[in-house]
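K.L.:
Sharing a structure below in structure tokens format, with a few things to ask.
The values are calculated or read from the model by the stated rules, or taken from the named source; none is laboratory data. What you see is a predicted model; the values in this text were computed from it and never measured. Here the Cβ positions follow ideal geometry from the backbone for every residue, glycine too, while neighbour counts run over all protein chains shown. Ligands, DNA and RNA are excluded from the accessible area calculation, which covers all protein heavy atoms including side chains. Shrake-Rupley method; radii C 1.70, N 1.55, O 1.52, S 1.80 Å.
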Amino acid sequence: MKINYKLQDRFDLGVFLPVVGLIIFGLLAIYSSTVHHPTASGNFAKQLFFLFVSLFGFLVALFLPTQTIKTMAIPFYLVSLFFLLAVLLVGKTVYGAKSWFGIGGFGFQPSEVAKLGTILILSYWLTYKSRDINNIKDLLVALVIGIVPVLLIMLEPDMGTSIVFAIITLVLIFWSGISLFGLFVVLSPGFVVFASLFGGVAFSIALLCVVAALFFFKRDLFNSITIFVINLASGFFFDYVFKILKPHQQKRIETFLDPLADLLGAGYNALQAKVAIGSGGLLGKGFLQGNQTQLRFIPEQWTDFIYCVIGEEFGFIGSISVVILFAILFVRLLNIAGGAKDKFSVLVVVGILTLLFSHFAINIGMNLGITPVIGLPLPFLSYGGSSLMMNMFMIGLVLNIYRNRKMHT
Amino acid sequence: MNDNAFGSPARKRILFVVVVGFVLLSCAQLFNMQIINAPTYSERSDENSVKPVYQTAPRGVFYDRNRQVLVGNKPSFTLRITPSTYKDSLSPYIEAVLGFSPGYINKILKANESYSKYIPRRIAKDVSFKVIAWYEENASKLPGVDYVMETQRDYSFGVTGAHMFGYAKEIPLNILQKRKDEYMMGDEIGFAGLEKTYEDILRGEKGINYMLIDSRQKTIGRYKDGEEDAKTIKGYDLVLTIDKDAQRVAEQSFRDRRGAVVAIEPSTGEILAFLSSPEFNLDDFAKVTSSEVWKNLNENPDKPMLNRASMGYYSPGSTFKMVSAIAALNEGIIDSSYRISCNGGYQFGDRFFKCLHVHGSVDLETSIEHSCNTYYYSLVNKLGLETWSKYAKKFGFGVKSGLDINEEKDGIVPSTKYYDRVYGKRGWTKGFVISLGIGQGELSVTPLQLAQYAALLGNYGKSAKPHFLKAYIETETNKKIDVKPQYYDIGINHHAFDIVRRAMWKVVNGAGTATNIKSPDLNISGKTGTAQNPHGKEHSVFVGFAPYDNPKIAVAVIVENAGFGSVAAAPVARDVIKAYLQKGSVDKILSSYSIASANSGTKKNEN
């Protein structure tokens, strides 16, 4: 047992084994949903290839020196932004969103890389020397860092991914110790802009709420007025920006805000997903035996609806296993964050945890019909090279941080 | 939140609660769906599955500029086979009924093997009612076989236009894999010509009917009484710039000949007629094209698949003389009174370049009227290769015009750089340049470029990019959306055009080389050409425009191996012009073809 102890000391199996389990579930489901498919039958082989490349990325991340991780934060972020901008100009359109680069027979999604870029730079910025998140200047910079990729991805338009970016930014600021008042300052303009989309009355009510909250916080008059003006301005600014956009760009934002507008497509998929999962029962219909999967009631099932394949063919046992594997992974990540050797490493792990969890929650929620239909891949299971590679790279980083944690905790 | 420290236990606890809370919620929902409600969902899955059934949308129709139908649609029966329930032993019977060679069905099924076996394959399109009646009678003995009503292209409106219309075909696997989010197996996609260029608006949107099916794929009703179904949206109709009368005359006049006709509205670049002859039969492409048809088309020595009108390379012959004339006038190298003496040719170094006659003293106008070669040997030498080449390019030679079909080539306009590349810096002499003056040598142009050139000559250097699409009609709103021409001006002095145009008028209406097509009511101006060709008799070429004062149509005609320009090409040009300018004349012109097809024009010497 001594050897095992030593291994666990340097390599956390509580993270690694659940990931392995999830990948195996993913491969089975991809095989099942694509093997008889006219155009996607090569996807299983492609995913194996992606997995192979991902393992390489995983090993690289595992042995990167901590200082290198820090120094790569800024270039990584800037390169991500460049790619996000470039994809809007020259990317190819897949399912109505411009979020892909085509390289040979493969596609590459820059937003996947940008996720890690944003986590790294926020972690770096928020923990650099004597940063104080309750200082308005420091907070503002952090927000700008987080919002730029959100805006770029909104233009693709990819609603799911920009939500993930917003959540990551919020959680990292939250973890850094922002006060309740600070949180209010951060969230209120978003709330006002959102309300403004529903017309003048909603906009006015939202502004009244902001005034009420300002009375509650009892800050000095100057600060209160400033915050109110920012809220007011952001409402009008958004309206102004919206008006100067070209019609097709306006349409994109409308689609972004209302993914349910395409009720037929989304409603049909959501219903079929529930039927597939529910009909799996306790033990499932068996590998390659799910009629919903094999008859392809859900298009592109190997991407965002991969969880249905597991639900249908492996039943309650299979689908609950996937949830439990994710739960183990998340709890371990939270513990590793607590034991990391410096604040930067802590935030990186928290950011990665947030990223994986928000994907998990939005995807599973959609498959189970408890959240709206928002397209996002399920980490480690959905078909897709960019996402698998980045996820494995991030797991490598987490294990790297674990290996270099502070001792005796 | 009392604790505002970095990563405080309170904040860690909040994250923990969110994560575990959501996990528990998911578990509860899984338990609810897969244990408590599993029987309900199973029932739905086994008995009430919903399956989308797609209906193909009819493609948009092609109209001519006066809203006459050029290409339409007609309903047709398509026989299909679904491999999951089909038995191969049936193939010989079906092949016998359809009149196909044995093994035909197997070949189609083999070719589509990689698709899901639940998707039906089209075996034969446009099958006769007799076959359908036979199927209906024997349906119970033919598992996996069915038929659907589809629309198919209808080419029975009096024009062929194979090269410009192009065709649509079932999407091949390699394209499908690239565009799988837009197309499904069995969909048609534009492959050539206008069908390809305007595929996105022509194809329309498929209709979807959501059907309830059981686990054996039997349809048992409509899902939600069809309230989520999507209606088929027909593709947008195209209003083309083509004039049906002019197109018909062009096609009929070329019945047994090889060559091309392109007619353009000079001020707008609208293509009025576009013919490459011989053509291929578009009907062959509307069905499942058999390999015999492909073989015949590809092995035919007349190359019917080649789009001569915009991809064929020809020497323009004497029709190119106006390029040198305009260049020299515009550059101020000569004026209209500049004369040379023609003694039957031009001595350059130790080579003698021949003219067909001894013209004596010739000025610019007579040089065009009588097509004197000596004048242009000397003029191109005066101009120099670079200036000549610059003006040829101004008129659109050597570059693609940007036509709205894919099948276009740029041609060759030699320049110093070109000769250096082909022959090496010292491998060519100035003698190469002399024959360019009369449109021979390494100059290659397409009939489309010649028509564009005629349009520019007729309209004083102002025109628009040649194009086929005048407008399209949005199916949803029935609104006509006009397509704006892309105007341009090549920026040449008005006076230069005045002189050259007058000379071109004299070619037809004076004592020139094409007086055989003189018709006062049309007032045609033009220029003949006789293009040498290494593979046989010269090609007959004519470019022109009409009426002289305010041209409404510019034409280029090339008839392969037909000799002098006035003999074969000029009369075709006249008939196309007449059909367009004099509405109602078309029947008379067409009937004259059927009476006397061998009645060739009067012989005249020219070059």
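K.L.:
Quote the relative contact order of the range B:1-126 in percent (integer), defining contacts as alpha-carbon pairs under 8 Å separated by 6+ residues. Let's see the in-between values first.
P.N.:
Values: 67 pairs, mean separation 25.9, N = 126.
Reported relative contact order: 21 percent.
K.L.:
Taking each residue of B:177-185 in turn, how many C-beta atoms of other protein chains fall within 10 Å of its C-beta, and what is the average? List each step's numbers first, then the result.
P.N.:
Numbers: counts 5, 3, 1, 6, 7, 1, 1, 2, 2.
Mean number of neighbouring Cβ atoms from other chains: 3.
K.L.:
Can you give me the P(r) profile for chain B? Cα pairs, bins 20 angstrom wide beginning at 0, each as a whole percent.
P.N.:
17, 39, 24, 14, 6, 0
K.L.:
From Cα pairs below 8 angstrom and at least 6 apart in sequence, can you work out the relative contact order of chain B, rounded to a whole percent? Display every interim value, and only then the final one.
P.N.:
Details: 1254 pairs, mean separation 84.6, N = 607.
The normalised contact order for chain B reaches 14 percent.
K.L.:
Report the residue, chosen from A:D220, A:D342, A:D132, that carries the largest GNM mean-square fluctuation when chain A is represented by alpha-carbon nodes joined by springs under 10 Å.
P.N.:
A:D220
K.L.:
Further, regarding this structure: Apply the Karplus curve 6.51 cos²θ - 1.76 cosθ + 1.60, θ = phi - 60°, to the phi angles in the range B:128-133 and return the couplings in whole Hz, x for Gly and Pro.
P.N.:
6, 5, 4, 5, 5, 4
K.L.:
When N counts the residues of the range B:26-161, how does its alpha-carbon radius of gyration compare numerically with 2.2 N^0.38 Å, as a ratio?
P.N.:
Numbers: Rg = 21.8 Å, N = 136, 2.2 N^0.38 = 14.2 Å.
Taking N as the residue count of the range B:26-161, the ratio is 1.53.
K.L.:
Could you tell me how many degrees, from 0 to 90 and to the nearest 10, lie between the Cα long axis of helix B:586-595 and the main elongation axis, the longest principal axis, of the Cα atoms of chain B?
P.N.:
70
K.L.:
Separate question: Just tell me which aspartates and glutamates come within less than 19 Å, Cα to Cα, of B:K578; anything on the same chain fewer than 8 places away is out.
P.N.:
Of all the aspartates and glutamates, those that pass the test against B:K578 - Cα under 19 Å, at least 8 places apart if same chain - are B:D64, B:D243, B:D245, B:E251, B:E265, B:E270, B:D521, B:D549, B:D587.
K.L.:
Okay, next question. If you take each beta carbon of peptide A:173-181 and count the beta carbons of other chains within 10 angstrom, what is the mean? Provide the component values of the computation, followed by the final result.
P.N.:
Working: counts 0, 4, 7, 5, 8, 3, 2, 3, 1.
Partner Cβ neighbours, averaged per residue: 4.
K.L.:
In addition: Per-residue ellipticity at 222 nm for chain B, helices alone: DSSP H runs ≥ 4 residues times -39500 (n - 2.57), over residue total, nearest 500 deg cm²/dmol? Intermediate results must be reported in sequence, preceding the final value.
P.N.:
Numbers: 23 runs with 206 residues, N = 607.
Computed mean residue ellipticity for chain B: -9500 deg cm²/dmol.
K.L.:
So how exposed is B:K506, as accessible area in Å² (1.4 Å probe, rounded to 10)?
P.N.:
60
K.L.:
Calculate how steeply helix B:373-383 sits against the longest principal axis of the alpha-carbon atoms of chain B, using the helix alpha-carbon long axis, and give the answer as 0 to 90 degrees to the nearest 10.
P.N.:
Computed tilt is about 70 degrees.
K.L.:
Give the average, rounded to an integer, of partner chain Cβ atoms located within 10 angstrom of each Cβ in B:247-256.
P.N.:
Numbers: counts 0, 0, 0, 0, 0, 0, 0, 0, 0, 0.
Averaged over the peptide's residues, the number is 0.
K.L.:
Can you order the peptides B:528-540, B:240-252 by their average number of other Cβ atoms within 10 Å per residue, highest first?
P.N.:
Working: B:528-540: 19.2, B:240-252: 25.9.
Ranked by mean Cβ neighbours within 10 Å, highest first: B:240-252, B:528-540.
K.L.:
Which value, in nm² and rounded to one decimal, describes the direction-averaged projected area of the C-alpha convex hull of the protein assembly as shown?
P.N.:
On the way: hull surface 216.4 nm².
Averaging across all directions leaves 54.1 nm² for the Cα convex hull.
K.L.:
Can you compute log10 of I(q)/I(0) for the range A:290-377 with the Debye formula, treating each Cα as one identical point scatterer, at q = 0.10, 0.11 Å⁻¹?
P.N.:
For the requested q values the scattering log ratios are -0.33, -0.39.
K.L.:
Could you tell me whether the range B:1-92 comes out rounded, prolate or oblate from its Cα gyration tensor? Rule is a ≥ b ≥ c as square roots of the eigenvalues, rounded for a/c under 1.5, then prolate if a/b exceeds b/c, otherwise oblate. Display every interim value, and only then the final one.
P.N.:
Values: a/c = 4.77, a/b = 1.96, b/c = 2.43.
Verdict is oblate for the range B:1-92.
K.L.:
Further, regarding this structure: Could you identify which residue out of A:T66, A:T169, A:T39 has the top mean-square fluctuation in a GNM of chain A using Cα springs shorter than 10 Å?
P.N.:
Looking only at A:T66, A:T169, A:T39, the biggest GNM fluctuation is shown by A:T39.
K.L.:
Can I ask one more? Chains A and B: how much accessible area gets covered up at their contact, both sides added, probe 1.4 Å, in Å² to the nearest hundred?
P.N.:
Working: alone 19850 and 29150 Å², together 44410 Å².
Its buried surface, counting both partners, is about 4600 Å².
K.L.:
Keeping all protein chains in place, calculate the accessible area per residue for the range B:243-360 (probe 1.4 angstrom), answer in Å².
P.N.:
On a per-residue basis, 42 Å².
K.L.:
Further question on the same structure: Count the lysine pairs in the range B:404-543 whose Cα atoms sit under 23 Å apart, keeping only pairs 8 or more residues apart in sequence or on different chains.
P.N.:
20
K.L.:
Still on this structure: Rounding to the nearest 10 and keeping the result within 0 to 90°, find how far the Cα-based axis of helix B:244-253 lies from the longest principal axis of chain B.
P.N.:
70
K.L.:
Further question: Could you check how much of the accessible area of the protein assembly as shown is carbon and sulfur, as a whole percent, using a 1.4 Å probe? Walk me through the numbers before you get to the answer.
P.N.:
Working: 26480 of 44410 Å².
Of all accessible area on the protein assembly as shown, carbon and sulfur atoms account for 60 percent.
K.L.:
Using just the alpha carbons, could you tell me how many Å³ per residue the convex hull of chain A encloses? Please report the intermediate quantities before stating the final value.
P.N.:
Numbers: hull volume 66.8 nm³, N = 409.
Convex hull volume per residue, Cα atoms: 163 Å³.
K.L.:
Same structure again: Within chain A, what's the longest run with no chymotrypsin sites (Phe, Trp or Tyr not before Pro) in a DSSP loop and at most 15 other beta-carbon atoms within 10 Å? Give the range, please. List each step's numbers first, then the result.
P.N.:
Values: sites that count: A:F11, A:F63, A:Y95, A:Y128, A:F198, A:F287.
The reported range is A:288-409.
K.L.:
What residues of the range B:14-40 lose no less than 50 Å² of accessible area with every protein chain in place versus their chain by itself (probe 1.4 Å, heavy atoms only)?
P.N.:
Relative to the lone chain, where solvent access is computed with a 1.4 Å probe, the range B:14-40 loses at least 50 Å² at B:L15, B:V19, B:F22, B:V23, B:Q29, B:L30, B:M33, B:Q34.
K.L.:
Using a Förster distance of 22 Å, how high is the FRET efficiency between B:D225 and B:Q55, based on the Cβ-Cβ distance and rounded to 0.05?
P.N.:
On the way: r = 18 Å, r/R0 = 0.80.
So the FRET efficiency works out to roughly 0.80.
K.L.:
Given the range B:67-107 reduced to its alpha-carbon atoms as identical point scatterers, what log10 I(q)/I(0) does the Debye formula return at q = 0.19, 0.30, 0.35 Å⁻¹?
P.N.:
Summing over Cα pairs of the range B:67-107 leads to -0.65, -1.13, -1.27.
K.L.:
If I take the Cα coordinates of the range B:448-532 and project them onto the principal axes, what are the three extents in Å, biggest first?
P.N.:
That gives 57, 31, 30 Å along the principal axes, largest extent first.
K.L.:
What's the local net charge at B:E195, with K and R +1, D and E -1, over the other residues with C-beta under 11 Å away? Intermediate results must be reported in sequence, preceding the final value.
P.N.:
On the way: positive: B:R59, B:R153, B:K169, B:K196, B:R203; negative: B:E188, B:E199.
Net charge around B:E195: +3.
K.L.:
A further question on this structure: Which shape class applies to the range B:239-289: rounded if a/c is under 1.5, otherwise prolate when a/b exceeds b/c and oblate if not, where a ≥ b ≥ c are the square roots of the Cα gyration tensor eigenvalues?
P.N.:
Values: a/c = 2.62, a/b = 1.51, b/c = 1.73.
Oblate, since a/c reaches 1.5 and b/c is not below a/b.
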